[in-house]
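Colleague: Have a look at this one before I ask anything.
The values are calculated or read from the model by the stated rules, or taken from the named source; none is laboratory data. From a predicted model like this one, the values you see are computed outputs, not experimental measurements. Please note: Cβ atoms are built from the backbone with ideal geometry, for glycine as well, and neighbour counts cover all protein chains shown. For the accessible areas, the whole protein counts, side chains as well, though only heavy atoms, and no ligand, DNA or RNA atoms are used. Shrake-Rupley method; radii C 1.70, N 1.55, O 1.52, S 1.80 Å.
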Amino acid sequence: MNVREAVLTVDETQTSFLEQGPSLIERTARTAAAAAADADGVDRDARFPHKAFEVAREEKLLGAMIPAEFGGFGASIHDVTDICYTLGRACASTAMVYAMHTTKVACVVRHGHGIPWMETMMRRVASDQWLLASSTTEGQNGGNIRASAAAVDVTGDTVSLLRDATVISYGAEADGLVTIARRATDASASDQVLLALARDDYSLKQTLGWETLGMRGTCSTGFELKVDCPADRVFPESYDKIHAQTMTPFAHLCWSSAWAGIAAAAVTRAQAFVRKAARTSRGQMPPAAAHFTAAKMSLAKLRALISANIDAFARAEHDERALGSLDFQSSITLLKVQASELAVETVMHAMRTAGLSGYRNDGEFTMGRHLRDVLSSPIMINNDRILANAATSTLMSGVPTSLHD
């Protein structure tokens, strides 16, 4: 992807970005340009996208969601998902790291007001551009976030925790960490708390590597996580509430936006291939041009799906009853499944448009990196697990009686 392709395009219906002024758009575009320039090297070497995040810090994007009173831009869900989409067009690993960081920041912002430590963390994210990582996968739980094995141990004003964190994306690069644990040693696996930690609050000992097909720059290695910190690092609210109101909506919306960006980048290359082929054959479409039409249709469905869910969350953002409703929870949970499948479908159509030119790794229309990266989406919290867990709730949810229900 070149610098021109990295520039953010804003849909006329998305006014929230415009309300922030052109500076936020320009900040995102500069970050995306740096990410695009380094994307092949990040993928090849499976290294963290340092150059992209150096620019992101310079542009203050890591604190975009922090409220203005704490030094941030007060960016909305529309803003941060647009950033994820734009970065996804440039470098999938950069976009996914930003998406995961944004989800953790959202937890602190939405559940940390009035809590001195959480407000301090907000200020540090805004002023020092702290990058927050996430530790939710543990042991052999296979990404089952709603069950924890490790428990916090409270002693006076301090807490300790020892966790077999089989995946902590960019853990070695982060300035802080948000993790879940059982509330106490005698608590059930689903009785959980969330902790927001500074780098001095924990130590990491690497236990697993990260040699994968795609998303190589996320550096999602395994660690033994050892926490010893003040008790105010624990959110007072129970994790089940944070999970439903913030963690799941922001994760699924931001991840989906990043995947849509990957799909859009592949469609852009497919379009360039078709145009070049048509020019060299006096306007005759190449044999696989039908796949380009299918790719455009699939991308349109993907964008519409994500936009509808962003709008739904924005409307219900401060309404606990609406956020906890069966319909909303089913929709936001299944968004991850639908978006990941559509993203893979889109990139496959784009690659088939370009044929061998897309399959090659050494040409201007190569899509190997896009395909490898997007293939992570159905297995990142496995779609089969989500569909199985959602069976009961979807059975209880009514069938709409009109197009507008």
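Colleague: In what sequence, largest accessible area first, do I381, I262 appear using a 1.4 Å probe?
Modeller: I381, I262
Colleague: Would you tell me the accessible area of H113, worked out with a 1.4 angstrom probe on the heavy atoms of the protein chains, in Å² to the nearest 10?
Modeller: 90
Colleague: Hey, another quick one. Just to verify a number: FRET efficiency for A314 and Q271, C-beta to C-beta distance, R0 = 25 Å, to 0.05?
Modeller: In this case the efficiency is close to 0.25.
Colleague: Using Cα pairs under 8 angstrom and six or more residues apart, how large is the relative contact order of the chain, in percent?
Modeller: 15
Colleague: Starting from the eigenvalues of the Cα gyration tensor, five times each then square-rooted, give me the equivalent ellipsoid semi-axes of the chain, largest first, whole Å.
Modeller: Its equivalent ellipsoid spans semi-axes of 35, 23, 21 Å.
Colleague: Would you mind working out the magnitude of the charge dipole of the chain relative to its Cα centre, with +1 at each Lys and Arg C-beta and -1 at each Asp and Glu C-beta, to the nearest 20 Debye?
Modeller: 1500
Colleague: Let me ask you something else. For K336, list the aspartates and glutamates whose Cα falls under 13 Å from its own Cα; do not include residues on the same chain fewer than 8 positions away.
Modeller: Qualifying aspartates and glutamates at Cα under 13 Å: D384.
Colleague: Over the Cα atoms of region 150-237, what is the Rg over Rh ratio if Rh follows Kirkwood?
Modeller: Rounded to two decimals, Rg/Rh equals 1.00.
Colleague: For region 31-46, take each phi angle, set θ = phi - 60°, evaluate the Karplus expression 6.51 cos²θ - 1.76 cosθ + 1.60, and give the result in whole Hz per residue in order, putting x for glycine and proline.
Modeller: After applying 6.51 cos²θ - 1.76 cosθ + 1.60, I find 5, 5, 5, 5, 5, 5, 5, 10, 4, 5, x, 4, 5, 4, 9, 6 Hz.
Colleague: For A184, enumerate residues with amide H under 5 Å from its amide H, sequence gap 5+ or separate chain, H modeled in the peptide plane.
Modeller: So A184 has HN proximity to V152.
Colleague: Right, something else. Quick check: with the 1.4 Å probe, what order do M396, M380 take by accessible area, largest first?
Modeller: M396, M380
Colleague: Let me ask something else about it. Would you please give the residues with an amide H less than 5 Å from that of G176, counting only those at least 5 places away or on a separate chain, with H modeled from the backbone geometry?
Modeller: L131, A133
Colleague: Region 115-157: D in µm²/s via Stokes-Einstein (Kirkwood Rh, Cα pairs, 4 °C, 1.567 mPa s)?
Modeller: Value of D from the Cα-based Kirkwood radius: 98 µm²/s.
Colleague: Also: Using the Cβ atoms and a cut-off under 15 Å, what net charge is assigned to the surroundings of T353, where Lys and Arg are +1 and Asp and Glu are -1?
Modeller: Spelling it out: positives minus negatives among the neighbours equals +4.
Colleague: Rolling a 1.4 angstrom probe over the protein heavy atoms, how many square angstrom per residue are accessible across region 351-391?
Modeller: So region 351-391 comes to 52 Å² accessible per residue, rounded to a whole number.
Colleague: Nearest 500 deg cm²/dmol is fine: what mean residue ellipticity at 222 nm does the chain get from its DSSP H runs of n ≥ 4 alone, each adding -39,500 (n - 2.57), divided by its residue count?
Modeller: -17000 deg cm²/dmol
Colleague: Do the alpha carbons of any pairs in K276/K296; K51/K104; K51/K205 sit beyond 29 Å of each other, and which pairs?
Modeller: Among K276/K296; K51/K104; K51/K205, the Cα-Cα distance tops 29 Å for no pair.
Colleague: Using a 1.4 angstrom probe on the protein heavy atoms only, could you order H318, H111 from most to least accessible area?
Modeller: H318, H111
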